[in-house]
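Colleague: Sending over a structure as structure tokens; questions will come in a sec.
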Amino acid sequence: MRIYELRKGRGTTQIEVAAALGISRQVFANYEKEINYPDPIMLIKIADYFDVSIDYLVGRSDDFDIIRSDSCSLSDIEKELLISYRKLKNEDKNRVIGYVLALTEKG
């Protein structure tokens, strides 16, 4: 499972993620260490929290993109931006969104 690398990449603590998921820090730590494994419902919550697919989360795919529509294909730069965005803390995500909205309103 890739929970540890996702959490570290985002710069969050076990306590922050556990609180967001509604579990104890120890339970989350055991998921990271692969001492215990989350049930399917918790897998969905974790994937949603980190904005990745469950396949990516459990190591079945190196493509963490949850966008699966054939009508929505991303360019390489869009994918890179999305990867970088997903690594940000929530407050930084809000700053990026505000900046993008400001830029698009100018045009």
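Read the figures in this text as sums done on the coordinates, not as results from a lab. Because the structure is predicted, anything quoted here is derived from the model rather than measured. Cβ coordinates were reconstructed from backbone atoms using ideal geometry, including for glycine residues, and neighbour counts include every protein chain displayed.
Colleague: Please work out how many pairs of lysine residues in segment 3-106 are eight or more positions apart (or on different chains) and have Cα atoms closer than 14 angstrom.
Modeller: 4
Colleague: Among L81, L57, L21, which one shows the highest mean-square fluctuation when the chain is modelled as a Gaussian network with alpha-carbon springs under 10 Å?
Modeller: Among L81, L57, L21, the largest GNM mean-square fluctuation belongs to L81.
Colleague: For the chain, the longest stretch holding no trypsin sites (Lys or Arg not before Pro) located in a DSSP loop with at most 13 other Cβ atoms within 10 Å is which? If you can, show how the numbers build up before the last one.
Modeller: Working: sites that count: K33, R60, R68, K89.
The segment 1-32 is the longest one with no such site.
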